[in-house]
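Asker: The structure that follows is given in the form of structure tokens.
The values are calculated or read from the model by the stated rules, or taken from the named source; none is laboratory data. What you see is a predicted model, and the numbers here were worked out from it, not measured in a lab. Here the Cβ positions follow ideal geometry from the backbone for every residue, glycine too, while neighbour counts run over all protein chains shown. Surface areas here come from the heavy atoms of the whole protein model, side chains and all, with no ligands, DNA or RNA. Shrake-Rupley method; radii C 1.70, N 1.55, O 1.52, S 1.80 Å.
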Amino acid sequence: MRFIAGECGWPPAGAGAPLEGRGASAAPGITPVPGVSGPGGAVAGAGAAVQGLCGVSADIVNADKMSGRSRKYKIIFSPQKFYACEMVLEEEGVFGDVTCDEWSFYLLPLDEDIISMELPEFFRDYFLEGDHRWINPVARALQLLNSLYGPFGKSYGIGRCAKMSYELWRDLEEESDTEGQGRKPEIGHVFLMDRDTDYVTALCSQVVYEGLVDDTFRIKCGSVDFGPDVTSSDKSIKVLLNSQDKVFSQIRNEHFSSVFGFLSQKSRNLQAQYDRRRGMDIKQMKDFVSQELKGLKQEHRLLSLHIGACESIMKKKTKQDFQETIKAEHSLLEGFDIRESTSFIEEHIDRQVSPVESLRLMCLLSITENGLVPKDYRSLKTQYLQSYGPEHLLTFHNLKRIGLLTEQAAGETLTAVESKVSKLVTDRAAGKITDAFNSLARKSNFRAISKKLGLIPRLDGEYDLKMPRDMAYVFGGAYVPLSCKIIEQVLERRGWQGLEEVVRLLNGNEFCVSDSAVEDNPAWECQRVILAVFLGGCTFSEIAALRFLGKERGCKFIFLTTAITNSARMMEAMIEAKA
Amino acid sequence: QTGYTEPWLELYSMEWGLREDLRDCVVAAAPYGGPIALLRNSRRDKTPSARPLLEIYSASGLLLASVPWKSGQLVHLGWTAGEDLLCIQEDGTVLVYNLFCEFKRHFSMGNEVLQNHVLEAQVFHTEFGTGVAILTGALRFSLATNIDDLKLRRLPEVPGLQKPPPCWTVLAQDRVTMVLLAMGQELFLLDNTSCSVLVRHFGNLGWACAVSAVTTCPWQPRGPLGCPWCPQGCPGCAQAWGSCRCTRPRSRQRAVVLAWERQLMVVGNSSESIRFVLDEDSYLVPELDGVRILSRSSHEFLHEIPEASQEIFRIASMAPGALLLEAQKEYEKESQKADEYLREIREQQLLPEAVGQCIEAAGYEHEPDTQKSLLRAASFGKCFLDKFPPEGFVRMCQDLRVLNAIRDYQIGIPLTFTQYKQLTIEVLLDRLVLRRLYPLAIRICEFLRLPEMQGVSRILAHWACYKVQQKDKSDEEVAQAINQKLGDTAGISYSDIATRAYDCGRAELAIKLLEYEPRSGEQVPLLLKMKRSKLALGKAIESGDTDLVYTVVLHLKNELNRGSFFMTLQNQPVALSLYRQFCRHQERETLKDLYNQDDNHQELGNLHVLGGYCQRRIEGRVAALQNALDEFYKAKNDFAAKATEEQIKLLRLQRHLQEELDKPYLDLSLHDTVATLILDGHHKRAEQLYRDFRIPDKRYWWLKINALATRGDWEEMEKFSKSKKSPIGYLPFVEVAVKHHNRYEAKKYAPRVPPEQRVKAFVLVGDLEQAAEAAIERKNEAEMSLVLSRCSPGTDGALAERLNRARAQLLKK
């Protein structure tokens, strides 16, 4: 028996084994294992670049046929099998040679409060290609959660995908047996949000520890590979990053500037605990060794790893003028010195600092400014092509389609744009929602929204990052993440009342539905639990911000995301690689 | 006198007004009180011009349907387990009709049968379904064990068979089907491979016993049996008109019932037999627990009296049930004898048995009055019992109501209690539905409180499927009538009903019905079948199931020509984007056509660019880019066009460089090309590119100093710095030199840095002295602090002091 399967193997979750994302990037990595014959074999997983993948499988089978080997093949599709896959297998003439299975795998708990669907391709497929295939799995995931935790009391959402997912989920719920009804609800609110509601937050450099680690080392399925520069040995170590890690759980949500202080304090404490050994008698020593030593050693090991990681981050960031970049970012967010920021970006490109970084800054400039001035739009792109290669012409096309890097229409003032957008909204309301295209590059209206919601905190004196007063701390006190602010506002108002202007600027598609079956009893514990669903991925900064909000308001956020994302992943999804 | 039960039970007096002798007709009656099929006069009148009538009656003799028989010579009629009528013709064709004489389908029993003709045929039932066995003119047997999955089998020859055997029958045992036949004095068993002799000589009733001995099935369709006294079937002897086997429920013994002339005989294992006299020619229908005897005027049931009934109704019976019945009667007459009887039962502590007996016996009664009196007795007896479980009584009352309802001659299904239990309520409901007795079926469901999904909904769905076949009503009317009745009843699949409507050729009605289907996904398969692919596409998109959309799209692709396929997609963006995704991976060329169709030159250009990268050879790549260039011009995308043009220029140049310098230049970006040139010391060429491609000054300067520093060509760098005023200032020179650990060179440039960056430059170079000077000169507190932070207390004490002083002075102001 031989297995070929989608994109990766899934050992039991939580086993600490390497869980690679089911990203499309994994697809070319599937290689036959020629040494395997007889029982057992190569296992991979399934999902995304569906057709391509089946093509690969078919090639494997055909190659084996050519060489006269006869084996049994099995393809496991996860989370679901697509009709198109069978088509491809049939066209390749191997349909009869393989057996297919489906593994309805929807939810991977990464931590106590983070559930990932591990569908990184969602972002590109939906927002760029207008492909709706992943809406069904999202709806099914919601259905699953609903059946596990009882009906959600209130559902909010914004974005077209959010709306479609919600509606499909309700349909599924109606079709299925009414099991789970009458269960005591454990989750009071659910909030669905499209990634395109807020690109700005996802594009910012992350400065909370977990976000930084993700930006620097890439956290994959809740674990990270610390290389030799971190471990200060010659091999890399795979570390599971979650709340079980006692050191990590205390610093993950902290601003990076306070992490070093915390770690040195921690190491002093640890030393003190070790030092207690002196002056112990035999019995105390015995207790110490049997009870505490193992924990201390473990903690010690983790501590040294995180210190190593911090040092490595510092080193890398200084090399890339991190301070300068952050400064430029902040002025973009605030809308100051746009000229200066533009030249900073230009220099960034000219010096070939990093293709992904340069692209990210360009997008951030475009999205905060509602598109680039035509002159800059052309010159920045030209510069970029000269620096990083002409194939990025296609990348720019993608970015334009998705609305991340656009050109200001000549002569259009902001108000004119706004009126056009509002007209669009009413047209949509007329029922033309089925249109799948985002090609009408939507205006971000970031500046106006930022003003309305007060996303840039007014600074009087230094922002104390150790004792944050609002969610802005996740970006060094310079910016409150838009996505989190929307969630905060809607939960506070128990709906969208009073946010009409913001909704209009966000291009509408908001909803707010109460489940009549669930009594609206504020005393219930479930009212304090909120499921935040991010369609197209969420960042660790957003998670940290909402955790902070939860602590402030005495409630608990649970995150369901199609994948953990960050600026680099988003940009890479847009980059058209050389074929 | 009430309370007397006999083995003969008159079921109905037949309403069919039959004048012909039964023996002149081809008759078939289905078991479990099933319908009777009749083809009149076929045996006597064999002229082909005569058009006999094929009629189907209920068991009570009510005509259900009739149709003139237009097909060939009919040999045999038989019913399937699903109450379909099989008409076996002489040429081996089997026609299948439903209960209402509507033709369903036909199949043939094979060429051999066609050539040799059917002499005799039998329909039999096995665990696989209904089978057909045929004796051909060549005296060979052919059979098919399941007509729904037709596999013809020809059995081996029977040695010495010269003429049709006087009697034969099909046995199905342990999944093997065999033919048992009598010939001469011998009994043969014919299986797949051979023919073996079972009994050599059998005497008078012997063969009947032999048959019952080898047959374990409780009943089998009767075959035309020869006279039992005369197994040779001598012509002088009257043929037995009918016969059948049945099991006597009480003794569990098998018996064979035979009828001929005006006599009926029940033969058991022993040599004794019971004889009855018949008034008319009769036809026998075997049942689970007895035999139905059908004649021109009456329909009777012969059975062995069940034990419970016998106990109660035996003359002078002292069984507890009998006493209880008596007690209840006396109680009604207000006689104290009631008490005496009761006491008698209770003294023996047999009251529970008495109640049970009465309930059981009530089940075997066909007369409602007798049922009632027995049930009343049971109810009376229950009053004197503590904790007698009521379920049995209630259940029996319900069952009897159902049985009485279906036994009514208008319905005409004379099921006995035993048969009913064997058949199950679900099958009974199916049969009622088959007879289109929807209201009765629904009422039974409601009465028995069956779950909606199994009961009412299912029947309504069947009703709807029947309704759509009524051709006299308009589509609108039918659709509305159906929706009115069905509404949103759980478990109703409108798409199933619509499928039926479509099968009846009513496509419009099907579409109307589909509108009522709440799950759009369910509508898609039928719409596809109806070739309403565009509508299907809309519904598939509505369902949100992308897989379904794919199914429809790929279906459309095969169905429509390319042009209209693309046009259809244009109107469905969701489908279009899905198909594009598919093409992107599978059929790039189709994607090109797709973009061509709607003049999307931008995307076409992109595709060409993408295709270009797949080209190994540079000529191919340039050609692809040239194509892209054209498309970009058409798309009025000047920027992309220009970029492509430049790229073509660059590619050509790179090839030139590659040939000339023998170093890989291909695929480098412009920046990297120039940088590589400088690294290799081709400054002139680099200069050329800088001018040709109008590389911005800033970039060129950055690029050049970086490359020169990497090369370690400090001399050239100095020369370059002096060539003209640097557009990026001189701080980068310092930075680059420091980065390459050349402080000496870095120091050269520090003084040329403009004052506002000079402090930083000196700090970089490590010249704190100068840095401090510059900072003090600029009176800039932040810069002073920067320098101070670099001062180490040991070596730069004096400097630090100076700075501190200057700062203090500054702050004082």
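Asker: Is it true that A:ALA162 is within 14 Å of chain B (Cβ to nearest Cβ), in contact (Cβ under 8 Å) with a residue 40 or more places away in the chain and small (Gly, Ala, Ser)? If you could, list the steps in order and put the result at the bottom.
Answerer: Numbers: within 14 Å of chain B (Cβ to nearest Cβ): yes; in contact (Cβ under 8 Å) with a residue 40 or more places away in the chain: yes; small (Gly, Ala, Ser): yes.
For A:ALA162, the condition - within 14 Å of chain B (Cβ to nearest Cβ), in contact (Cβ under 8 Å) with a residue 40 or more places away in the chain and small (Gly, Ala, Ser) - is met.
Asker: Given (1) of a type outside the set (Gly, Ala, Ser); (2) open to solvent by 30 Å² or more (accessible area, probe 1.4 Å); (3) at pLDDT 85 or above, where does A:ASP281 come up short, assuming only one miss?
Answerer: Going through the list (1) of a type outside the set (Gly, Ala, Ser); (2) open to solvent by 30 Å² or more (accessible area, probe 1.4 Å); (3) at pLDDT 85 or above, A:ASP281 breaks only (3).
Asker: When you scan segment A:91-112, how many residues do you find that are part of a loop (DSSP other than H, G, I, E, B) and under 35 Å from the mean Cα position of the chain (by Cα)? Please lay out each step first, then the result.
Answerer: Going residue by residue through segment A:91-112, those that are part of a loop (DSSP other than H, G, I, E, B) are A:92-94, A:103-107, A:110-112.
Narrowing further to those that are under 35 Å from the mean Cα position of the chain (by Cα): A:103-107, A:110-112.
Number satisfying all stated conditions: 8.
Asker: Among the residues of segment B:477-493, are any of a type in the set (Val, Ile, Thr) and farther than 25 Å from A:ASP171 by Cα?
Answerer: As a first pass, look at segment B:477-493 and keep what is of a type in the set (Val, Ile, Thr): B:478, B:482, B:489, B:492.
Next cut, farther than 25 Å from A:ASP171 by Cα only: B:478.
There is at least one residue in segment B:477-493 that is of a type in the set (Val, Ile, Thr) and farther than 25 Å from A:ASP171 by Cα.
Asker: Within segment B:125-158, track down each residue that is assigned to a loop (DSSP other than H, G, I, E, B) and of a type outside the set (A, V, I, L, M, F, W, C).
Answerer: B:GLU127, B:GLY137, B:ARG140, B:THR145, B:ASN146, B:ASP148, B:ASP149, B:LYS151, B:PRO156, B:GLU157
Asker: Output the number of the condition that B:LEU708 fails; it satisfies all remaining conditions of (1) free of Cβ contacts under 8 Å to residues at least 24 places away in the same chain; (2) away from every other protein chain (no Cβ under 13 Å).
Answerer: (1)
Asker: On to the next question. Can you give me the ranges of the helices (runs of 4 or more DSSP H) entirely in segment B:388-480 with at least 1 residues that are of a type in the set (Gly, Ala, Ser) and open to solvent by 20 Å² or more (accessible area, probe 1.4 Å)?
Answerer: Details: elements: B:391-407, B:417-423, B:425-434, B:438-448, B:456-467.
Filter on segment B:388-480 gives B:391-407, B:456-467.
Asker: Turning to a different aspect of this structure: State which residue is nearest to the other protein chains (Cβ to nearest Cβ) when the search covers only segment B:688-705 and only residues that are without any contact (Cβ under 8 Å) to a residue 24 or more places away in the chain and under 22 Å from B:TYR749 (Cβ atoms).
Answerer: B:PRO696
Asker: Among the residues of segment B:669-687, how many are open to solvent by 50 Å² or more (accessible area, probe 1.4 Å) and either in contact (Cβ under 8 Å) with a residue 24 or more places away in the chain or in a loop (DSSP other than H, G, I, E, B) (or both)?
Answerer: Adding up the residues that qualify gives 4.
Asker: Which of the residues belonging to segment A:218-259 are crowded, with 17+ Cβ neighbours inside 10 Å and part of a loop (DSSP other than H, G, I, E, B)?
Answerer: A:ILE219, A:CYS221, A:GLY222, A:LEU241, A:ASN242, A:ASP245, A:ARG252, A:ASN253, A:GLU254
Asker: Can you name every residue in segment A:97-142 that is within 14 Å of chain B (Cβ to nearest Cβ) and aromatic (Phe, Trp, Tyr)?
Answerer: A:PHE122, A:TYR126, A:PHE127, A:TRP134
Asker: Might you let me know whether segment B:564-573 holds any residue that is more than 25 Å from A:ILE135 (Cβ to Cβ) and not hydrophobic (A, V, I, L, M, F, W, C)?
Answerer: yes
Asker: Does A:TRP134 fit the bill of being more than 30 Å from A:ALA478 (Cβ to Cβ), within 18 Å of the chain's Cα centre (by Cα) and open to solvent by less than 10 Å² (accessible area, probe 1.4 Å)?
Answerer: Values: more than 30 Å from A:ALA478 (Cβ to Cβ): yes; within 18 Å of the chain's Cα centre (by Cα): yes; open to solvent by less than 10 Å² (accessible area, probe 1.4 Å): yes.
Here the answer is yes, as A:TRP134 does meet what is asked.
Asker: Could you please let me know if A:GLY68 is open to solvent by 50 Å² or more (accessible area, probe 1.4 Å) and in a loop (DSSP other than H, G, I, E, B)? Walk me through how you get there before you give the answer.
Answerer: Working: open to solvent by 50 Å² or more (accessible area, probe 1.4 Å): yes; in a loop (DSSP other than H, G, I, E, B): yes.
Answer is yes for this residue.
Asker: Within segment A:342-354, is even one residue more than 20 Å from B:ARG694 (Cβ to Cβ) and touching a residue at least 40 places away in the same chain (Cβ under 8 Å)?
Answerer: no
Asker: Please determine whether any residue of segment B:749-758 is open to solvent by less than 20 Å² (accessible area, probe 1.4 Å), closer than 28 Å to A:GLN386 by Cβ and outside any loop (DSSP other than H, G, I, E, B). Before you say what the answer is, go through the steps one by one.
Answerer: Step one: list which residues in segment B:749-758 are open to solvent by less than 20 Å² (accessible area, probe 1.4 Å), which gives B:749-750, B:753.
Still in the running and closer than 28 Å to A:GLN386 by Cβ: B:749, B:753.
In the following step, the residues that additionally are outside any loop (DSSP other than H, G, I, E, B) were identified as B:749.
Yes, segment B:749-758 contains a residue that is open to solvent by less than 20 Å² (accessible area, probe 1.4 Å), closer than 28 Å to A:GLN386 by Cβ and outside any loop (DSSP other than H, G, I, E, B).
Asker: Taking helices (runs of 4 or more DSSP H) that fall entirely within segment A:368-454, which contain at least 1 residues that are at pLDDT 90 or above and within 14 Å of another protein chain (Cβ to nearest Cβ)? Give the steps one after another, and end with the answer.
Answerer: Values: elements: A:374-388, A:392-402, A:414-429, A:446-453.
Output list reads A:374-388, A:392-402.
Asker: Name the helices (runs of 4 or more DSSP H) wholly within segment B:558-644 that hold at least 3 residues that are within 8 Å of chain A (Cβ to nearest Cβ)?
Answerer: Values: elements: B:562-570, B:573-586, B:588-597, B:601-614, B:618-634.
Passing ranges, in order: B:573-586, B:601-614.
Asker: For the structure I just gave you, tell me whether A:LYS266 is among the charged types (D, E, K, R) and under 21 Å from A:GLY550 (Cβ atoms). Break it down into steps so the answer makes sense when it comes.
Answerer: Numbers: among the charged types (D, E, K, R): yes; under 21 Å from A:GLY550 (Cβ atoms): no.
When the stated conditions are applied, A:LYS266 does not pass them.
Asker: State the number of residues belonging to segment A:549-579 that are within 14 Å of another protein chain (Cβ to nearest Cβ), out of contact with any Asp or Glu (no Cβ under 7 Å at 6 or more places or on another chain) and outside any helix (DSSP H, G or I). Lay out the reasoning, then the answer.
Answerer: Pass one, segment A:549-579, residues within 14 Å of another protein chain (Cβ to nearest Cβ): A:574-579.
Now restrict to residues that are out of contact with any Asp or Glu (no Cβ under 7 Å at 6 or more places or on another chain): A:574-575, A:577, A:579.
Filter once more, keeping what is outside any helix (DSSP H, G or I): A:575, A:577, A:579.
Count: 3.
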